[in-house]
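Participant: Take this structure, written in structure tokens, and hold onto it; I'll ask about it next.
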There are 2 protein chains.
Amino acid sequence: MDTHISPVELQKAYRLINHGPTVLVSARHAGTDDVMAAAWACALDFAPPKLTVVLDKSSKTRALIEQSGAFVVQVPTAAQLQLTHAVGNLSLNDDPHKLKKCGVGLFGIKGHDLPFVAGCSAWLACKLISEPHNQQAYDLFIGEVVAAWADTRVFSNGRWHFKDADPSWRSLHYVAGGQFYAIGEPLTVQE
Amino acid sequence: MDTHISPVELQKAYRLINHGPTVLVSARHAGTDDVMAAAWACALDFAPPKLTVVLDKSSKTRALIEQSGAFVVQVPTAAQLQLTHAVGNLSLNDDPHKLKKCGVGLFGIKGHDLPFVAGCSAWLACKLISEPHNQQAYDLFIGEVVAAWADTRVFSNGRWHFKDADPSWRSLHYVAGGQFYAIGEPLTVQE
């Protein structure tokens, strides 16, 4: 594991996605790994931390999650713009070489049988909370975050440091039609 | 209604929140209006457009939504940083003058008996889709977007124009402890 990757306290894990980035969702089952992009992911609770993510029925990642009951939500960076768009537009169901073609490198973290995407800024390992009605009616999946990590070059001491880090570390926020925005400047409330 | 406010086609309404902004949620019931901030709001479907929002049981806005079955999700701007933080930290249950104290101005839109917050960049009028289990177990509410509008100075022809608009129009993305980020620069995928 990259020496810059450090655990994030579970009670602060929500901060990794609180600002609404587009995320990558990855999963593993029976020797198959897949990674997809999801703009529709959102924090749901603080303690234990939970999140929601919308997973289309056509996605192989969804099938792997339904089979394994686990997944990773990770925060890609501006440097991963092409990768993020690519994994969101090619299905493993159509191309068994998807991950290689999209430039995805995976790594492992001890104690978690899950595929983590290299080069991201943050990772949240999740256990699926089975809610069949939500999954069928709305494609809506709920995960409990069981462990989290971040790259200390852009997130440390419970805070993002987008302003001080290289711009290539900025999170991605998808709109439509290949158009993303990077996260911008900090704005601090006057108390 | 401000002459800059223009309807957004329902099939493009998801684009108003797809980049993960912190939103304001407003509702009205029996002569009472309330507005709260929500970082945990997310698109859920394209057609008909749906969204999710997490509403704490302590919030008066939630009670109004449960009673009226309707609400507005609106996208506040960098110019509304203090307002957004203020409505997220004061409850109408504790102070009947909350909205005035927080500097909230409301306006109406014909055909919708809902309070719309002035000065925002976009508004999504929603009908509550009742899901008692989600609401009770997770504080998770699902809305169907029945109409949407945006301020044409920052959103037109189905697209945000954050780069060309004044920086005061940028959307807000909350992290924690009074720390927000504004949305940043556009990044376009090379096809």
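Participant: DSSP loop trypsin sites (Lys or Arg not before Pro) in the range A:83-136 with at most 10 other Cβ atoms within 10 Å of their Cβ, which ones?
Facilitator: Sites meeting the loop and neighbour criteria: A:K110.
Participant: In whole percent, what relative contact order does the range B:5-182 give with Cα contacts below 8 Å and a gap of six or more residues?
Facilitator: 28
Participant: In addition: May I ask which residue of chain A has the beta-carbon nearest to the axis carrying chain A onto chain B, and at what distance in whole Å?
Facilitator: Smallest Cβ distance to the axis, with its residue: A:G20, 1.
Participant: Name the cysteines of chain A that stand alone by the Cβ rule: no other cysteine Cβ under 4.7 angstrom.
Facilitator: A:C102, A:C120, A:C126
Participant: Now a separate question. Under the convention of a label 7 Å out along Cα→Cβ, give the distances in nm from B:N89 to the same position in every other copy, shortest first.
Facilitator: 4.3
Participant: Give me the number: length gained by fully extending B:D95 to B:E9, i.e. 0.36 nm times residue separation minus the C-alpha to C-alpha distance, one decimal in nm.
Facilitator: Gain on extension, B:D95 to B:E9, equals 27.2 nm.
Participant: Distance cut-off 21 Å, Cα to Cα: go down the list A:K50/A:K127; A:K101/B:K163; A:K50/B:K57; A:K60/A:K101; B:K100/B:K163; A:K60/B:K127 and report the pairs above it.
Facilitator: With Cα atoms farther than 21 Å apart: A:K101/B:K163; B:K100/B:K163; A:K60/B:K127.
Participant: Assigning unit charges at the beta carbon (Lys, Arg +1; Asp, Glu -1) and nothing else, what dipole magnitude in debye, to the nearest 20, does the protein assembly as shown show about its Cα centre?
Facilitator: 160
Participant: Straight-line reach from A:K98: which aspartates and glutamates have Cα under 17 Å away, leaving out those fewer than 8 places along the same chain?
Facilitator: Filter leaves A:D33, A:D34, B:E191.
Participant: How far is B:Q136 from the same spot in each other copy, in nm, shortest first, if each label point sits 7 Å from Cα toward Cβ?
Facilitator: Relative to the other copies, B:Q136 has label-point distances of 2.0 nm.
Participant: Only loop residues by DSSP count here, and only those with at most 13 other Cβ atoms within 10 Å; note down the trypsin sites (Lys or Arg not before Pro) in the range A:138-191 that meet that.
Facilitator: A:K163
Participant: Sticking with this one: If you put +1 on each Lys and Arg Cβ and -1 on each Asp and Glu Cβ, how big is the dipole of chain A around its Cα centre, in Debye rounded to 20?
Facilitator: Here chain A has a charge dipole of around 200 debye.
Participant: Say a label goes 7 Å from Cα toward Cβ at B:H4 in every copy; what distances in nm does this one have to the rest, shortest first?
Facilitator: Those label-point separations list as 3.9 nm.
Participant: If the chain between B:D113 and B:Q190 were fully stretched, how many nm would it gain, using 0.36 nm times the residue separation less the Cα-Cα distance?
Facilitator: Net length gain for the segment: 23.3 nm.
The numbers here are math on the coordinates, done by the rules we state, and not lab data. What you see is a predicted model; the values in this text were computed from it and never measured. Positions of Cβ are generated from backbone atoms using ideal geometry, with glycine treated the same way; all protein chains shown enter the neighbour counts.
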